[in-house]
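**Student:** Got a structure for you, questions after.
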There are 4 protein chains.
Amino acid sequence: MADGCSRLTSRRFLAIFPQAVSALLPHRVAVIGASGYGGLQTVRLIQVHPQLRVTFLGGHSSVGSRWRKLAPFLETGPDLHVAPPDPDAIAAAADLVVLSLPNGRASALAPVLLERGLRVVDLSADYRFADLEDWRQVYGHQVTVERSDADLCGEAVYGLPEFNRQAIATARLVACPGCFPTTSLLALLPLLQGGLILPEGIVIDAKTGTSGGGREARQHLLLAEAGEAVAPYGVEGHRHTREMEIQAATLGRSGPLRLQFTPHLLPMVRGLLATVYGQLRVPDCPTAQLASHFRDTYRDHPCVDVLPVGVYPSTKWVRQTNRALLSVATNPHTGQVIVMAALDNLLKGQAGQAVQCLNLMLGLPEATGLPLEPFYP
Amino acid sequence: MADGCSRLTSRRFLAIFPQAVSALLPHRVAVIGASGYGGLQTVRLIQVHPQLRVTFLGGHSSVGSRWRKLAPFLETGPDLHVAPPDPDAIAAAADLVVLSLPNGRASALAPVLLERGLRVVDLSADYRFADLEDWRQVYGHQVTVERSDADLCGEAVYGLPEFNRQAIATARLVACPGCFPTTSLLALLPLLQGGLILPEGIVIDAKTGTSGGGREARQHLLLAEAGEAVAPYGVEGHRHTREMEIQAATLGRSGPLRLQFTPHLLPMVRGLLATVYGQLRVPDCPTAQLASHFRDTYRDHPCVDVLPVGVYPSTKWVRQTNRALLSVATNPHTGQVIVMAALDNLLKGQAGQAVQCLNLMLGLPEATGLPLEPFYP
Amino acid sequence: MADGCSRLTSRRFLAIFPQAVSALLPHRVAVIGASGYGGLQTVRLIQVHPQLRVTFLGGHSSVGSRWRKLAPFLETGPDLHVAPPDPDAIAAAADLVVLSLPNGRASALAPVLLERGLRVVDLSADYRFADLEDWRQVYGHQVTVERSDADLCGEAVYGLPEFNRQAIATARLVACPGCFPTTSLLALLPLLQGGLILPEGIVIDAKTGTSGGGREARQHLLLAEAGEAVAPYGVEGHRHTREMEIQAATLGRSGPLRLQFTPHLLPMVRGLLATVYGQLRVPDCPTAQLASHFRDTYRDHPCVDVLPVGVYPSTKWVRQTNRALLSVATNPHTGQVIVMAALDNLLKGQAGQAVQCLNLMLGLPEATGLPLEPFYP
Amino acid sequence: MADGCSRLTSRRFLAIFPQAVSALLPHRVAVIGASGYGGLQTVRLIQVHPQLRVTFLGGHSSVGSRWRKLAPFLETGPDLHVAPPDPDAIAAAADLVVLSLPNGRASALAPVLLERGLRVVDLSADYRFADLEDWRQVYGHQVTVERSDADLCGEAVYGLPEFNRQAIATARLVACPGCFPTTSLLALLPLLQGGLILPEGIVIDAKTGTSGGGREARQHLLLAEAGEAVAPYGVEGHRHTREMEIQAATLGRSGPLRLQFTPHLLPMVRGLLATVYGQLRVPDCPTAQLASHFRDTYRDHPCVDVLPVGVYPSTKWVRQTNRALLSVATNPHTGQVIVMAALDNLLKGQAGQAVQCLNLMLGLPEATGLPLEPFYP
């Protein structure tokens, strides 16, 4: 290389060193709960992300295991051992933390991580309610844990980027919604924000693959049980209903509302489809006008797209992507609107959304490093 | 054997001869459309039925094939060749006919069979509307066939045994409802008959396995396409909606009503689940009271059962049976009732229902020869 | 009814009373291990069996549960509570016992049941080896149990009806082979008995649905893990290999032989296919001649059929039946024979075979009460 | 920017201009047969490839359709219309062509494309045999087409990069092997090249998802037919056997050999597993030594990895990647070696391999733009 250039480069390099380094060095991320589906997806996504790097793997049951042993199919992954989630060790190794832990466990760890200056994205339900009392009502009987972090509940930002982008960008603590609320709210919020439907009689009929139930061995998730079968569950008061009602009212800027939410377990690995029904305020509102309203809502959002009228989303179209596909239809006979929303429950419904939030928190383009196109079929 | 007895027997035997023979000899059934799923199931059921026998197999594409070649997995089946559906040949061989033909084809054959004194159970949509004009509106653009059998449309009995038992028993022509209307009506009719829900805002969200789409090769039903995927279809005006609206009003003894019906294609072979939502007239009606009303409705019906409150039906629980399982739930916050109904789309939703109708037409116990318990899983 | 007849009947009735009663009253069967797949299938089969009745349900984890609560999909089942497997209680209630228990548990119960005069069909591996030492070598490291029933191991009859019919008929203790050995032996034994293949180089490549792994929750059997995947397992020394080698040599009347057995886990609920490869002694032996030999072997066996040459068995053709379908092919270029055998792993591979053995033990026709034809698809 | 640097850059830029431009501008690729699975995957891969661009979409049945209409799930794909495969139009638009056409169609197009200076990667079987007579014997009865391109058959390079890298790099015409030969040869060739197994008695037992059968609607590939089922097919002389025998002998540098190849259809969308059995020349050859030989063979090949001894590949571990995973086991009792190879039939078994070949043809790193890690599960 010519002298002039190399000399110059050295001089300039020293001048811009700090920024250059920070631009070149990827951000260091700790993933706690590495061997569940949320952790696996998060590590996989960060691995191909141009500006993130996994620098700490935390866990419980898998402590001591090398990642490559845990996930022989991800051999090029980080060559790390899973360590206990010691806050000091995490703070020494990472700048941001993704918590992929069972409900109740995350809130035992998040406060001490925040104290050490880390920014936290939590995939559990622990910070999805601004009011700790709401959390206690929904999860209190399942989780036996003392919590005194009501203030953090109030501070935490609900990590639905399409409706909370700016708050996420500056948040210390982001509570990512799971697959059911994400899908349902993406379908419902444009209707509520536009004041297009009545608050009564809203129905969310949701269909999910079994990976949404997690990786822990449970009988009803066995292939022999869930294969060749469909069944509803949690019909009377699913734990996600209250969360959706609160967020629908808040983000949808509507008054308080009540939802009928019915999840169904389907014989497939990944994918979530929500079919949302509402009564139109203007019963003969043209479908095209509604579709146009949805398109306007999501125009600047790279991870959500609205299909042409008459084309309905298949979960296969978004499999292993961080994209949600929506479609709007109306029934002129009944004055109802039907919104269908499909996404991958483990990506846009979980780990992909976490990375989308990390991108926003770091000032990166929202979809950086996230797959948006499927391999079909 | 002792004299007294044998003499007696001979005497009595002569006296009751005609009835005895008719009780001993199985009824002769022709199955037209033998190689589709409807035909296959019908033949399979009749084969183990104690009082029916397949004596004629009719078809089109498979004419000339021996049954055992067509269905090597049903080797003990009738050793018949598939013949063209010649009315005289059918009349010579059979007393009853099950038509498992595409829409439009059945109405070309039924009139001439009825003329020859045969009784007909039709699995197509051709006689599901009392008014031929309704049929034309729904199916006219798909099927290019001239029909002049408006009178037969009026005469045909809608073959839903749980709500039409007596009419079926004496009918010459029974039009069996398919899987979607059967499931939906079993869930909806008790609510309508009891005047328990408002006629507005009813939603039927249905989930079906791919065998409901028939055995003809079509791209969207390929395993590679439909596997690992769920998608809605026919959202704006499925052809079954009108049929259900008419039957709901008629059999439900309600005024005219409009339904939102949304079918979804699921990655499984068999099974149909309908989740039906309605607005209760008495919003805080106790679930137990509704369940009790459903139980009363189906008390004398061997093929329908109502699950205990809080237990929700899986299609796996009725797989390869002629049984429908229902469950009722309510949402006190929204005043909605949710009825879930599961059945096997090819049995209670098709061929099993045909045999159930045949049983009624012949004065046999309704569930004769029909499987009611699944092999689980 | 006329006098002559009734008087006669009374007289004759008294004369044949004992036999008549025993023919009319069904045999009483205890099923121990009622909530696993083996138990569920056994109860389901006995329920529709004309001459068997479940009179005792034993279990461990489900003790105290009513059957109808355990299996809401089998509501018409026996209205019994699951009881601890107390030998005296079992002896009081039943004449025959089907043990569907984990390996090691069965041998703790069988001896005391036999002492009480019960006849036992065991679905576990505990009595599949005539020599207890063989069992210890294969299962000893998995099962920590003291056994002193070497004599019972020697007495127990290997419950493969097609090759052990007479011994089963008079046995006190029958050790039913599981799905892998049953399928493999049905394919292999005709070749060995006929001296048609070399003892070297035999390969059994087996493909199984996940229900073969049982109903206990284990991670690798989750739909999310096993769905959309195929993988081999136990490649180096599966525990069934030794059992098959011994039985192949014994029942096949060949010298000692060694087998390569490779099971694969498939994304389906039920079904087992074994593809067996062997080197023909007469390399150009015509396929038709081999098929004819297989047909001869199974001529009098109602639960095994040989398909026409060129037709290969699908597990779907035997789904939920007690039938095995075989097909034979040859490769004239390599001198190999390929035998394909398909069956339902939970019926002919487990509970159906147990009932087939019970039939033989009771002198009933072998296939009494057993389904032999599938509902397709 | 400082003067020194900009001047320097300008000077250097002019000097290296031609190369720089060619490095910056992506290579233009035509995909012919765009709506089948091969075409879809190829377009999807090229879309995210840093140095390739789709500039022509050719087809037959879909001519005139816009890509975005054809594949609504790949909306960011090339906004092109599907055009008839006119050679001049293709030559004007592209530098390289991927043919994803039915057997017999490719050879009608390839010669005229080569004449126009295009380089061709063919996914069909048309150029997989160096001797046109071999092709005629295997495919002649299926495909009624006159061929006079025997010279091109001789020139075409078999596109298995791991064993033909250099020939592919300079080839005008590459004939990519399909999923079965690719998997089988990756498992078999190291054994043959190392002279480790006998040429007799080799068995390839292969298991494939249904997408391998293509996107054309055929009854046996319906979910209702192929779901919940496994069955062998093409047992006596599958059309891939001859191709594998020739390539095994050629690339494996062994003498002529005969293979037993048995494909099985599995109830899953994607994935192919081959279990290959051979008789070791040294019966007690340690597994570790064999594994080491496999590792050496594939050391410099980024798309093939050998698992640790005792870890067996699942097709899920390579789903939607261009990677093959292999594992080696031995049976010391029988002297057999078992090699298991898993890949994604539509990527490393089809379109991914085509892109891998394109990379080699263009002097790019072999795995450029190809996914190697799965999203699990």
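Nothing in this text is a laboratory measurement; each read-out follows from the coordinates by a stated rule. Since this is a predicted model, take the numbers as computed values, not measurements. Here the Cβ is made from the backbone with ideal geometry for all residues, glycine too, and neighbour counts use every protein chain on show.
**Student:** Of the trypsin sites (Lys or Arg not before Pro) in the range D:73-165, which ones lie in a loop per DSSP and count no more than 15 other C-beta atoms within 10 Å? Kindly include the intermediate steps, with their values, before the conclusion.
**Tutor:** Details: sites: D:Arg105, D:Arg116, D:Arg119, D:Arg128, D:Arg136, D:Arg147, D:Arg165; in loops: D:Arg105, D:Arg116, D:Arg128, D:Arg147.
Passing both the DSSP loop test and the Cβ count: D:Arg116.
**Student:** What area, in nm² and to one decimal, does the C-alpha convex hull of the range D:216-292 cast on average over all directions? Please list the in-between numbers first.
**Tutor:** Numbers: hull surface 30.9 nm².
That works out to 7.7 nm².
**Student:** Quick one: D:Ser314, B:Ser292, fewest Cβ neighbours within 10 Å first, how do they rank?
**Tutor:** On the way: D:Ser314 29, B:Ser292 14.
Arranged by neighbour count, lowest to highest, D:Ser314, B:Ser292 become B:Ser292, D:Ser314.
**Student:** To continue, here is another question. So what are the radius of gyration and Dmax for the Cα set of the range A:131-281, in Å?
**Tutor:** 16.5, 46
**Student:** While we're looking at this one, here's another question. Let me have the relative contact order for the range C:179-343, percent, based on Cα pairs under 8 Å that are six or more residues apart. Could the numbers behind the result be given before it?
**Tutor:** Values: 332 pairs, mean separation 48.6, N = 165.
This gives 29 percent for the range C:179-343.
**Student:** Would you please put A:28-34, C:98-104, D:266-272, C:191-197 in order of how densely packed they are, using the mean number of other Cβ atoms within 10 angstrom per residue and starting with the highest? Don't jump to the answer; show the numbers that get you there.
**Tutor:** Working: A:28-34: 26.4, C:98-104: 24.0, D:266-272: 29.1, C:191-197: 19.0.
Final packing ranking: D:266-272, A:28-34, C:98-104, C:191-197.
**Student:** Further question on the same structure: Grab the beta carbon distance between D:Thr144 and D:Arg299, set R0 = 56 Å, and tell me the FRET efficiency rounded to 0.05. Before the final figure, lay out each step's value.
**Tutor:** On the way: r = 46 Å, r/R0 = 0.81.
Calculated transfer efficiency: 0.75.
**Student:** On a C-alpha basis, how far is the centre of the range C:112-160 from the centre of the range C:280-301 in Å? Whole number, if you could?
**Tutor:** Between the Cα centre of the range C:112-160 and that of the range C:280-301, the gap is 34 Å.
**Student:** To continue, here is another question. For chain D, what's the relative contact order in percent, using C-alpha pairs closer than 8 Å and at least 6 residues apart? Before the final figure, lay out the partial values.
**Tutor:** Details: 784 pairs, mean separation 59.9, N = 377.
Across chain D, relative contact order equals 16 percent.
**Student:** Where does each of B:His301, C:His264 land when they are ranked from fewest to most other beta-carbon atoms within 10 angstrom? Could the numbers behind the result be given before it?
**Tutor:** Numbers: B:His301 17, C:His264 25.
With the fewest neighbours first, B:His301, C:His264 line up as B:His301, C:His264.
**Student:** Turning to a different aspect of this structure: Shielding of C:231-240 by partners, i.e. mean partner chain Cβ atoms within 10 Å per residue? Please list the in-between numbers first.
**Tutor:** Working: counts 12, 12, 2, 1, 10, 9, 4, 0, 0, 0.
That works out to 5 on average.
**Student:** What are the GluC sites (Glu not before Pro) within the range D:215-288 that DSSP puts in a loop, where the Cβ has at most 13 other Cβ atoms within 10 Å? All intermediate terms of the calculation are to be shown ahead of the outcome.
**Tutor:** Working: sites: D:Glu216, D:Glu225, D:Glu228, D:Glu236, D:Glu243, D:Glu245; in loops: D:Glu216, D:Glu228, D:Glu236.
Sparse-neighbourhood loop GluC sites (Glu not before Pro): D:Glu216.
**Student:** Turning to a different aspect of this structure: Classify the range C:162-235 as rounded, prolate or oblate from the Cα gyration tensor: take a ≥ b ≥ c as the square roots of its eigenvalues, call it rounded if a/c is under 1.5, otherwise prolate when a/b beats b/c and oblate if not. Could the numbers behind the result be given before it?
**Tutor:** Details: a/c = 3.79, a/b = 1.47, b/c = 2.58.
The shape class here is oblate.
**Student:** While we're here: Cα extents of the range A:99-151 along the three principal axes, largest first, in whole Å?
**Tutor:** The principal-axis extents, from largest down, are 31, 21, 17 Å.
**Student:** Quick check on the protein assembly as shown: of the DSSP beta bridges with both residues there, what percent are antiparallel, nearest 5%? It would help to have the intermediate numbers written out before the result.
**Tutor:** Values: 102 of 218 bridges.
Expressed as a percentage, antiparallel bridges in the protein assembly as shown total about 45.
**Student:** Pull out a ≥ b ≥ c, the square roots of the eigenvalues of the alpha-carbon gyration tensor of the range C:230-377, then state rounded if a/c is under 1.5, prolate if not and a/b is larger than b/c, and oblate in the remaining case. Before the final figure, lay out the partial values.
**Tutor:** Details: a/c = 1.39, a/b = 1.27, b/c = 1.10.
Judged from the Cα gyration tensor, the range C:230-377 comes out rounded (a/c under 1.5).
**Student:** Using Cβ contacts closer than 10 Å as the measure, can you line up A:Asp296, A:Asp149, D:Asp126 from fewest to most?
**Tutor:** On the way: A:Asp296 12, A:Asp149 18, D:Asp126 30.
Listing A:Asp296, A:Asp149, D:Asp126 from fewest to most nearby Cβ atoms yields A:Asp296, A:Asp149, D:Asp126.
**Student:** Then there is this: Quick one: if you stick a label point 7 Å off each Cα along the C-beta vector at B:Leu25 and A:Asp79, how many nm between them?
**Tutor:** Modelled inter-label distance: 8.5 nm.
**Student:** Under DSSP H, which helices of chain A have Cα atoms covering 18 Å or more of the helix axis and a Kyte-Doolittle average no less than 0.0?
**Tutor:** Going by DSSP H runs, the hits are A:179-193.
**Student:** Just checking the output field for B:323-334: average partner chain Cβ neighbours within 10 Å of each residue's Cβ?
**Tutor:** Working: counts 3, 0, 3, 0, 3, 1, 6, 3, 10, 3, 8, 8.
If you average over the peptide's residues, the count of other-chain Cβ atoms is 4.
**Student:** Report the calculated FRET efficiency for D:Arg66 and D:Glu115 (r = Cβ-Cβ distance, R0 = 30 Å), to the nearest 0.05. Walk me through the numbers on the way to the answer.
**Tutor:** Numbers: r = 30 Å, r/R0 = 1.00.
Between D:Arg66 and D:Glu115 the formula returns 0.50.
**Student:** At q = 0.06, 0.13 Å⁻¹, what base-10 log of I(q)/I(0) does the Debye formula yield for chain B when every alpha carbon is treated as an equal point scatterer in vacuo?
**Tutor:** These q points yield log10 I(q)/I(0) values of -0.24, -1.06.
**Student:** Under the convention of a label 7 Å out along Cα→Cβ, give the distances in nm from A:Gln137 to the same position in every other copy, shortest first.
**Tutor:** Copy-to-copy label distances at A:Gln137, shortest first: 4.6, 6.7, 7.8 nm.
**Student:** Can you give me the P(r) profile for the protein assembly as shown? Cα pairs, bins 20 angstrom wide beginning at 0, each as a whole percent.
**Tutor:** Reading upward from the zero bin: 9, 33, 39, 16, 3, 0, 0.
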